[in-house]
Amino acid sequence: MQDRPMVYQDNAPAIETPSARLRRELSRFARLHLVHAPTPLEPMDRLSEELKGPRLWIKRDDCTGLATGGNKTRKLEYLLGEALTEEADTLITTGAIQSNHARQTAAAAVRARMSCVLILQDRVPIHDAQYQFGGNVLLDHLLDATIRRYPDGTNVPVEMERIADELRGQGKRPCIIPGGGSSRVGSRGYVECAVELAEQASAHGFTPDAVVVGAGSAGTQAGLVVGLAGLGLGTQVLGISISPDRARLEGLVAQMAGETMADLGLGPLDPRQVEVESGYVGPGYGLPSDEMIEAVGLAARLEALLLDPVYTGKAMAGLIGALRTGRFDGMQNVIFIHTGGSVTLSSYRATFAVPGDQP
Ligand SMILES: *Cc1c(COP(=O)(O)O)cnc(C)c1O
């Protein structure tokens with residue numbers, strides 16, 4: 001018997017996978033290539049054995065590649081895409097003194113042949129030289145950013161507008177990047193990360209039951225929520241907050257996720273997909289907690305992973321707490337997003353009590 005001839009129909013509706021659709025939607029937006037993607041997805045088997053429960057994985061977004069990397073680089077690809085479209089020549093952004101976002105923005109400005117002005121706010125009551133001048137501040141300086149320091153409580157959005165006006169008066173074309181790079185534009189970078197990690201998980205033969213991520217200005221969690229919802233995998237996203245106001249942060253994530261979804265032609269957002277835990281802040285933003293010190297130590301001793309004192313150390317404390325309280329019972333695979341920041345470890349020298357050190 002002969003095979004029947006194949007019939008090709010050019011006008012047949014294409015069957016597009018959810019991840020192909022998300023990638024196609026994302027490809028409509030301007031973007032500057034900065035990220036070394038895909039960042040690795042690796043098992044944390046020693047930590048999984050120690051903590052019992054589901055198998056734990058880590059998505060290495062500390063390895064995004066831009067001047068020591070971190071999560072802001074994914075957002076900056078899209079934010080810089082817009083800045084370049086507007087023909088900006090100077091970026092203005094803000095953060096705490098040891099801001100990872102400020103440092104990645106300074107680096108992105110270099111790559112885009114732009115200048116960069118950083119509004120660094122003295123939000124954390126640590127005033128030794130390591131904190132004020134080391135870590136990210138040293139890198140900001142090397143990356144040629146103009147550093148302007150302000151006391152806590154400054155009205156930063158107003159100050160950024162004032163500096164933008166000043167620059168326009170000098171014939172420059174400034175572009176204000178919001179704190180943390182969080183906006184409907186920046187969040188797109190984490191929609192992409194969600195697609196990337198789901199494909200990697202699938203290659204390892206699993207669907208993630210939950211993703212745990214540190215949450216500050218909300219854009220990272222918002223993008224992950226949108227991406228994972230768009231993939232329809234039923235993966236839970238748990239944001240571990242670095243500030244105590246949980247309701248405010250959940251509101252921010254929901255708003256940004258809703259806007260990001262609309263831009264991608266998706267939606268509407270199911271509000272149950274936005275979940276923030278604020279029980280791991282400790283004494284305050286940027287201040288050490290015992291749980292953070294335990295988490296940073298465990299990750300280093302068991303996995304050779306360098307977390308950071310401000311975000312990922314507290315987020316890992318949140319993951320450990322969730323496992324200990326049974327929140328992830330019955331789950332098989334949980335992914336922790338390493339969002340970077342280990343550059344600040346040496347700015348917290350006193351916190352980690354090296355024998356013989358007299359800070
Ligand atoms: C900024 C930052 C976060 C939080 O990301 P948001 O998008 O601001 O919520 C987490 N980890 C590190 C290391 C960061 O620098």
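Structural remarks
So that you can scan it fast, the table gives a plain yes or no per residue for (1) of a type in the set (Val, Ile, Thr); (2) touching a His at 6+ places or on another chain (Cβ under 9 Å); (3) within 14 Å of the ligand (Cβ to nearest atom):
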| position | (1), (2), (3) |
| --- | --- |
| Gly95 | no, yes, yes |
| Asn100 | no, no, yes |
| Val110 | yes, no, no |
| Arg113 | no, no, no |
| Thr146 | yes, no, no |
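- Filter pass, Pro38 being touching a residue at least 12 places away in the same chain (Cβ under 8 Å), farther than 17 Å from Gly189 by Cβ and surrounded by fewer than 19 Cβ atoms within 10 Å (Cβ to Cβ): no
- Residue satisfying condition, being in a loop (DSSP other than H, G, I, E, B) and surrounded by 22 or more Cβ atoms within 10 Å (Cβ to Cβ), within set Ser243, Ser217: Ser217
- So Val281, is it within 15 Å of the ligand (Cβ to nearest atom), under 27 Å from Ser342 (Cα atoms) and part of a loop (DSSP other than H, G, I, E, B): yes
- With respect to the conditions (1) hydrophobic (A, V, I, L, M, F, W, C); (2) open to solvent by 50 Å² or more (accessible area, probe 1.4 Å); (3) within 29 Å of Leu66 (Cβ to Cβ), Phe336 lacks only one, and its number is (2).
- Taking the stretch 117-165 as the range and being hydrophobic (A, V, I, L, M, F, W, C) and in a strand (DSSP E or B) as the test, the residues that pass are Val117, Leu118, Ile119, Leu120, Ile147.
- Of the residues making up the stretch 193-203, none is open to solvent by less than 70 Å² (accessible area, probe 1.4 Å) and either assigned to a loop (DSSP other than H, G, I, E, B) or in contact with a Phe, Trp or Tyr (Cβ under 7 Å, 6 or more places away or on another chain) (or both).
- Criterion (surrounded by fewer than 23 Cβ atoms within 10 Å (Cβ to Cβ) and either touching a residue at least 60 places away in the same chain (Cβ under 8 Å) or part of a helix (DSSP H, G or I) (or both)) met by exactly one of Ala262, Ala295, Ala315, Ala222: Ala262
- Within this structure, Val253 passes the test of being in contact (Cβ under 8 Å) with a residue 12 or more places away in the chain and farther than 25 Å from Ala350 by Cβ.
Condition check ((1) farther than 19 Å from Pro288 by Cα; (2) near the ligand (Cβ under 9 Å from one of its atoms); (3) more than 21 Å from the chain's Cα centre (by Cα)) across all residues:
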{"position": "Pro309", "(1), (2), (3)": "no, no, no"}
{"position": "Gly313", "(1), (2), (3)": "no, no, no"}
{"position": "Met316", "(1), (2), (3)": "no, no, no"}
{"position": "Arg327", "(1), (2), (3)": "yes, no, yes"}
{"position": "Met331", "(1), (2), (3)": "yes, no, yes"}
{"position": "Thr344", "(1), (2), (3)": "no, yes, no"}
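- Positions within the stretch 298-307 being touching a residue at least 60 places away in the same chain (Cβ under 8 Å) and within 16 Å of the ligand (Cβ to nearest atom), in sequence order: Ala299, Leu305, Leu306
The values are calculated or read from the model by the stated rules, or taken from the named source; none is laboratory data. As the structure is a computational prediction, the values presented were derived from the model and not from experiment. Note that we place each Cβ from the backbone using ideal geometry, even for glycine, and neighbour counts take in every protein chain shown. With ligands, DNA and RNA removed, areas are computed over all heavy atoms of the protein, side chains included. Shrake-Rupley method; radii C 1.70, N 1.55, O 1.52, S 1.80 Å.
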